[in-house]
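The values are calculated or read from the model by the stated rules, or taken from the named source; none is laboratory data. All figures in this text were calculated on a predicted structure; none of them were measured in a lab. Backbone-built Cβ (ideal geometry, glycine too); neighbour counts: all protein chains shown. Protein only, heavy atoms only, side chains kept; ligands, DNA and RNA dropped before computing areas. Shrake-Rupley method; radii C 1.70, N 1.55, O 1.52, S 1.80 Å.
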Amino acid sequence: MLWIKAFHIIFMVTWFAGLFYLPRLFIYHTEAGDDQTGRERFRTMERRLLVMTHIGGSLTAIFGFWLLLMYRGDLVHAGWFQLKFLLVLGLVAYHAACVVHVRRFADEQNRHSSRYFRLFNELPSVVLIGIVLLAVLKPF
């Protein structure tokens, strides 16, 4: 079971790396202005990083559900796990929002400022803190 937990954590780190860095690329992309070469470079970087983020998120989910099965579903009744799962669902929604932003940048249809993306970039940090505290402390 420890191997499964280790891989769950490894792929969670991979997923978060993408969720942390994609919005940073959105900021740079927005600030590239009329630099067509720079904007094309950011489109390529965003697309490639999104693929790695999909892989990290998918494998995090696979190993997470595997762990849940190994615990025979007992965790489902724990309050801390229910809140953690809710936060993970929020991350999935955030990930989906990143997909939308990557597509908009690819189509040169971005509607947001770099300030918006700076605020957007902070959300996964708050969620990460909550998830780690819940998983480690199991407060309820």
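Summing Cβ point charges (Lys, Arg +1; Asp, Glu -1) relative to the Cα centre of the chain gives a dipole of roughly 220 debye. The base-10 log of I(q)/I(0) for region 62-140, evaluated at q = 0.13, 0.15, 0.23, 0.26 Å⁻¹, reads -0.54, -0.66, -1.08, -1.25 [Debye formula, identical scatterers on Cα atoms, solvent excluded]. THR14 exposes around 50 Å² of accessible area when a 1.4 Å probe is run over every protein chain in place.
Over the chain, the ratio between the Cα radius of gyration and 2.2 N^0.38 Å evaluates to 1.18. Within the chain, the longest run free of exposed loop sites, counting GluC sites (Glu not before Pro) that sit outside DSSP helix and strand states (H, G, I, E, B) and have at most 12 other Cβ atoms within 10 Å, spans 1-107. Using heavy atoms of the protein chains and a probe of 1.4 Å, the accessible area assigned to TRP66 is about 120 Å². With a Cα-only, solvent-free Debye model of region 5-80, what are the log10 I(q)/I(0) values at q = 0.20 Å⁻¹? One equal scatterer on each Cα of region 5-80 leads to -0.83.
Which whole-percent values make up P(r) of region 88-128 when all C-alpha to C-alpha distances are grouped in 5 Å steps starting at zero? With 5 Å bins starting at 0, P(r) equals 6, 20, 28, 25, 14, 5, 0. Summed over the residues of region 46-104 and divided among them, the accessible surface reaches 59 Å² per residue at a probe radius of 1.4 Å. Shown for region 51-112: the carbon plus sulfur share of the solvent-accessible area, taken with all protein chains present and a 1.4 angstrom probe, equals 68%.
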